[in-house]
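The values are calculated or read from the model by the stated rules, or taken from the named source; none is laboratory data. Every value quoted in this text rests on a predicted model; they were computed, and no experiment measured them. So basically every Cβ, Gly included, is an ideal-geometry build from the backbone, and we count neighbours across all protein chains shown.
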Amino acid sequence: MKTLPFILLFVSGFALRAGAQEFKSRYLPVQVINGDTLPYIRLHEVEVISLSIPHTARKRRKLTKLIKNIKRVYPFAKLAAVQLRHYDKELSMAKNDRERRKIMKKAEGEIKQRYGGELKRLTFSQGLILIKLIDRETGESSYKLVEELRGNFTAFFYQAFARLWGYNLKVKYDPRGEDRQIEAIVKMIERGQI
């Protein structure tokens, strides 16, 4: 019986030690506003993407087709931006117009050889989306790019030919207006959500 108080004292010592936790104080930055001291916490920026899902089956199929088309042409738009930066650097080092034309012919041949077959297999709606996404990625319309790289006459000729097929190379990308749905899908693709 004499050992019982020692055992109880021993067990209660462990219980008290286990219950007592070390408290580490942590100070937050504060900001004084109108005499009130308020904690000031910086949060990471969060972008909210609004992709509206339609209620009708027909419109859902249309959205699915749009997503499929964007996934098909978005890599081409990204490649166009990379190629443009590459050729822009080469063209800036050209000594004269003759050398610039030579570089452009070489670039055009490389692009046709590498991507021509795939680009020819694009559907009409994929072509329209590609023209807009090229504007999104490069910051300039397709017409302006052709005009800068190949000249006014060639740009006019390409625009006239595109208009015959229902395209417009001068179309601008509007992420807050008409192309809001495309912008949301592209951002979701970039994040790996779709």
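Can you spot a residue in the range 54-69 that is modelled with pLDDT under 85, among the hydrophobic types (A, V, I, L, M, F, W, C) and under 19 Å from Gly177 (Cα atoms)? No.
For the range 144-175, the set of residues classified as more than 23 Å from Asp97 (Cβ to Cβ), modelled with pLDDT under 85 and among the basic types (Lys, Arg) consists of Arg163, Lys170, listed by residue number. When the criteria are applied in full, Arg121 meets the requirement of being under 18 Å from Ile67 (Cα atoms) and more than 22 Å from the chain's Cα centre (by Cα). Residues in the range 89-113 that are in contact with a Leu (Cβ under 9 Å, 6 or more places away or on another chain) and either of a type in the set (Val, Ile, Thr) or loosely packed, with under 13 Cβ neighbours inside 10 Å (or both): Ile103, Ile111, Lys112. Exactly one residue among Ile111, Ile131, Ile182 is closer than 30 Å to Ile67 by Cα and touching a Phe, Trp or Tyr at 6+ places or on another chain (Cβ under 7 Å), and that residue is Ile131. Residues of the range 161-178 that are surrounded by 15 or more Cβ atoms within 10 Å (Cβ to Cβ) and outside any loop (DSSP other than H, G, I, E, B): Ala162 alone. Residues in the range 37-64 that are in contact (Cβ under 8 Å) with a residue 60 or more places away in the chain and of a type outside the set (Val, Ile, Thr): Glu47, Ser50, Leu51, Ser52, Leu63.
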